[in-house]
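Novice: Just dropping this structure here.
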Amino acid sequence: QVQLVESGGGLVQPGGSLRLSCVASGSIFSIFDMGWYRQAPGKQRELVAVITSGGMTNYADSVKGRFTISREYAKNTVYLQMNSLKPEDTAVYYCNRGGPLSGYWGQGTQVTVSS
């Protein structure tokens with residue numbers, strides 16, 4: 001049974017930083033692409049960043065230069081380092097394994113950027 005457990009969300013002031021973590025279990029972590037998505041109130045879920053099984057990365061234009069996705073194979077963990085946070089980054093952030101059609105999502109972690 002695949003499980004994805006996120007952590008690291010919280011309240012942060014504009015310009016601040018957070019690091020999200022997602023621990024994956026129940027599958028061979030290294031062979032799957034992993035991604036972070038977010039959903040703000042009243043909006044559709046959107047891609048934030050993705051990292052392939054080989055370590056290639058891709059980012060939404062809105063977060064390029066501010067966010068960094070990485071993965072640690074030994075710990076079955078994917079990270080999202082978020083710097084220079086803006087109020088518009090406020091959302092529930094979800095970890096995903098294998099793409100949005102896979103059906104494998106974490107429970108989500110709330111990120112709120114506010115002064």
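The values are calculated or read from the model by the stated rules, or taken from the named source; none is laboratory data. The model shown is predicted, which means the values in this text are computed figures rather than measured ones. Virtual Cβ from ideal backbone geometry, glycine too; neighbours counted across all protein chains shown. What goes into the accessible areas is simple: the full protein's heavy atoms, side chains included, and nothing from ligands, DNA or RNA. Shrake-Rupley method; radii C 1.70, N 1.55, O 1.52, S 1.80 Å.
Novice: So which residues in region 57-67 are in a loop (DSSP other than H, G, I, E, B) and surrounded by fewer than 18 Cβ atoms within 10 Å (Cβ to Cβ)?
Specialist: So in region 57-67, the residues in a loop (DSSP other than H, G, I, E, B) come out as 60-66.
Passing the criteria: Ala60, Asp61, Ser62, Lys64, Gly65, Arg66.
Novice: List pairs: first in region 31-45 and on the phi < 0 side of the Ramachandran plot and in contact (Cβ under 8 Å) with a residue 60 or more places away in the chain, second among the acidic types (Asp, Glu) and open to solvent by 20 Å² or more (accessible area, probe 1.4 Å), Cβ under 7 Å, 6+ apart or cross-chain?
Specialist: Correct list of pairs: Tyr37/Glu46; Arg38/Glu46.
Novice: Which of the residues belonging to region 84-95 are farther than 10 Å from Tyr37 by Cα and either open to solvent by 60 Å² or more (accessible area, probe 1.4 Å) or outside any loop (DSSP other than H, G, I, E, B) (or both)? Outline the logic, then answer.
Specialist: In the first step, residues of region 84-95 are kept if they are farther than 10 Å from Tyr37 by Cα; the result is 84-90.
Across region 84-95, the qualifying residues are Ser84, Lys86, Pro87, Glu88, Asp89.
Quick grid of which residues meet (1) closer than 28 Å to Ser115 by Cβ; (2) among the aromatic types (Phe, Trp, Tyr); (3) under 13 Å from the mean Cα position of the chain (by Cα); (4) surrounded by 11 or more Cβ atoms within 10 Å (Cβ to Cβ):
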{"position": "Ile31", "(1), (2), (3), (4)": "no, no, no, no"}
{"position": "Ala40", "(1), (2), (3), (4)": "yes, no, no, yes"}
{"position": "Leu47", "(1), (2), (3), (4)": "yes, no, yes, yes"}
{"position": "Ser53", "(1), (2), (3), (4)": "no, no, no, yes"}
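Novice: From the list Ser21, Ser27, Ser70, pick out the single residue that is in a loop (DSSP other than H, G, I, E, B) and surrounded by fewer than 19 Cβ atoms within 10 Å (Cβ to Cβ). Steps first, please.
Specialist: Numbers: Ser21 fails: in a loop (DSSP other than H, G, I, E, B); Ser70 fails: in a loop (DSSP other than H, G, I, E, B).
Step by step, each of Ser21, Ser27, Ser70 is checked, and only Ser27 is in a loop (DSSP other than H, G, I, E, B) and surrounded by fewer than 19 Cβ atoms within 10 Å (Cβ to Cβ).
Novice: A further question on this structure: Please verify whether region 96-114 includes one or more residues that are touching a residue at least 40 places away in the same chain (Cβ under 8 Å), loosely packed, with under 13 Cβ neighbours inside 10 Å and part of a loop (DSSP other than H, G, I, E, B).
Specialist: yes
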